[in-house]
Amino acid sequence: MLVIDSGTCITFEFLDEHGCYQGGNISPGLEMRLKALNHFTSRLPLVMSIGPMPELGKDTKTAIRLGVKKGLQYEIEGYIEEFRRKYPNLLVFLTGGDDFSFDTNIKNLIFADRFLVLKGLNRILNYNNDKK
């Protein structure tokens, strides 16, 4: 199972077929990437994630927005494709506060729930409270 949690950072967590955690990776999230381009350059503006999304950027703001959002899309799709090659029956879960609004054929092969982590934490809390 591959769990992709998109928020401040994007985490990729992998559990094997026995439910054993095998590890994961962390990369910057959407807003962090947009802020980094502004903060670590002298002339690039801070761009909002919501705005026009033409096929190609026609000005600096749309070029940044598209570059960051498409980069995230390709990163996520790349992880899914790589793990699917190794584990053909892979389950993929998307969760987190950031929107997975990109168009892809992979989306119909996954389960998306924005609040999956919070639901899981609540279930653990309830389980522990019931054991008392």
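For this structure, a couple of remarks:
- T62 part of a helix (DSSP H, G or I) and either under 15 Å from the mean Cα position of the chain (by Cα) or more than 27 Å from L2 (Cα to Cα) (or both): yes
- Number of positions in region 1-18 that are over 8 Å from the mean Cα position of the chain (by Cα) and assigned to a loop (DSSP other than H, G, I, E, B): 5
- The set of residues in region 23-40 being surrounded by 10 or more Cβ atoms within 10 Å (Cβ to Cβ) and not aliphatic (A, V, I, L, M) consists of G24, N25, S27, P28, G29, E31, R33, K35, N38, H39.
- Residues that are under 21 Å from the mean Cα position of the chain (by Cα), more than 14 Å from G96 (Cβ to Cβ) and not in a strand (DSSP E or B), drawn from region 20-37: R33, L34, K35, A36, L37
Bear in mind that the values in this text are calculations on the coordinates, not laboratory data. Here the structure is a predicted model, which is why all the values come from computation and not from measurement. Cβ atoms come from the backbone with ideal geometry, glycine included; neighbour counts cover every protein chain shown.
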